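Scroll down for the structure; my scribbles are underneath it.
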Amino acid sequence: MITLVRMRYDDRTRDYVARRTAQGMSKKDILRCLKRFIALGVFGVIRGSGGWWTAGSCAVPSRPEEMPTNALVAVVVEVLAAQENLSTGTRSRVMRQVERLVVERHGQGVVEIPSRATFYRLIKALDEGKHAFGAATTRRSQGRRPQEPFTPTMAVRPGEVVQIDTTPLDVLAVLDDGVTGRVELSIAVDVASRTICAAVLRPAGTKAVDAALLLARALVPEPMRPGWAEALRMSASLIPHARLMSIDARLEHAAAKPVIVPDTIVIDHGRVFISDTFTAACRTLGISVQPARPATPTDKGVVERTFSSINTLFCQHVAGYVGSNVTQRPGRRSRLDAARTVRAIRGVVDRLLAESAPRRPAQSVPAEQGPVAERGLCADGDPRRSPSGLPDRR
């Protein structure tokens with residue numbers, strides 16, 4: 001009733017309703033804001049870092065006199081932001097840090113500290129999305145995100161910008177000496193077409209020569225392998241094969257992987273990519289190298305997201321998958337029995353790159369010759385079989 005009376009007779013309220021209506025807010029939302037303001041004062045309509053006092057929220061204190069001041073909210077936000085570079089603690093630690101800072105800046109008794117229950121609700125509301133009391137790795141990752149609005153890397157033609165990176169795969173493989181170990185995958189992704197230009201898979205410990213090999217594989221056609229379906233040939237894809245044959249006759253037996261010559265390569269500060277071997281190879285080919293900012297994965301978000309897709313669409317369907325941490329892994333015996341050779345996994349990766357190229361509908365891969373991992377075999381004839389098939393994305 002009070003809200004309706006003010007909307008009809010109070011000039012300031014009528015001006016507010018007119019302004020919010022012009023901004024596109026519905027009458028129902030305007031009424032909700034006015035009710036919050038009448039019940040809670042200015043804290044009822046604050047949004048952003050201090051906008052946690054909303055009607056119906058668990059953060060609303062049971063006693064209005066416990067409403068925090070702006071000074072208290074500002075200190076809590078500051079202390080929560082400082083948790084990014086600290087080990088994960090409890091809310092009681094944050095509360096003690098806030099109390100100490102409030103006394104140092106404003107004096108004893110000037111800023112009233114609410115009850116413990118209300119203070120915990122305040123921390124819970126202000127901590128939303130920051131993971132101050134969760135995993136430290138998640139908290140650091142969240143803190144490194146750029147402030148919006150954020151403009152992602154843009155490219156208008158293939159080869160304009162290519163992002164390169166290396167990551168360990170969550171897959172165990174049988175190494176050349178017969179023991180099992182993790183493998184690392186290095187890929188080059190074209191930003192304009194989202195094409196994986198090349199991939200190099202090797203046991204953990206990627207060298208500078210592997211980065212140079214990745215660059216070389218991106219610049220040459222991928223040859224067809226024994227046992228691959230005819231639909232994987234470049235002639236069966238949407239790539240203008242006939243026109244390219246007049247330039248290079250070797251493309252007659254090439255697989256359907258486009259050859260993209262990069263103009264600019266975006267790298268992180270890994271020693272493999274800042275090495276003299278890799279930079280000299282780029283300089284010889286006339287390729288510009290653009291380092292990303294330290295600890296800023298968003299500078300090469302395309303390749304980072306590609307690694308996430310590889311883990312979801314490939315790794316977890318391959319024998320020897322061990323998960324991202326020890327809590328997701330089976331017993332040691334099952335891992336040893338399921339592991340496959342590095343050569344076998346490399347053969348599956350090479351074939352998937354050829355299968356991901358766009359092709360004519362009439363030249364689709366036959367069902368009986370689908371992805372190698374679905375048949376439990378590998379390109380080199382490894383007899384080991386996968387307990388689950390690799391999903392066909394087509």
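Things worth noting here:
- Set side by side, the residues 39, 81, 74 differ, and just one is part of a helix (DSSP H, G or I) and at pLDDT below 85, which is 39.
- Failed item in (1) touching a strand residue (DSSP E or B) at 6+ places or on another chain (Cβ under 7 Å); (2) closer than 30 Å to residue 168 by Cβ, with residue 277 passing the rest: (1)
- Flag if residue 305 is surrounded by fewer than 16 Cβ atoms within 10 Å (Cβ to Cβ), of a type in the set (Lys, Arg) and closer than 16 Å to residue 166 by Cβ: yes
- So residue 322, is it crowded, with 19+ Cβ neighbours inside 10 Å, in the same structural domain as residue 193 (by TED's automatic domain parsing) and within 18 Å of the chain's Cα centre (by Cα): no
- When segment 199-228 is limited to residues that are in contact with a Ser or Thr (Cβ under 9 Å, 6 or more places away or on another chain) and free of Cβ contacts under 8 Å to residues at least 40 places away in the same chain, the one that is surrounded by the most Cβ atoms within 10 Å (Cβ to Cβ) turns out to be 200.
- Within segment 159-190, the set of residues being among the aliphatic types (A, V, I, L, M) and not in a strand (DSSP E or B) comprises 161, 175, 179.
- Residue identified as more than 29 Å from residue 322 (Cβ to Cβ), modelled with pLDDT under 90, in contact with a helix residue (DSSP H, G or I) (Cβ under 8 Å, 6 or more places away or on another chain) and not assigned by TED's automatic domain parsing to the domain that holds residue 79 among 212, 249, 229: 229
The values are calculated or read from the model by the stated rules, or taken from the named source; none is laboratory data. Note that this is a predicted model, so its numbers are computed, not measured. Here the Cβ is made from the backbone with ideal geometry for all residues, glycine too, and neighbour counts use every protein chain on show.
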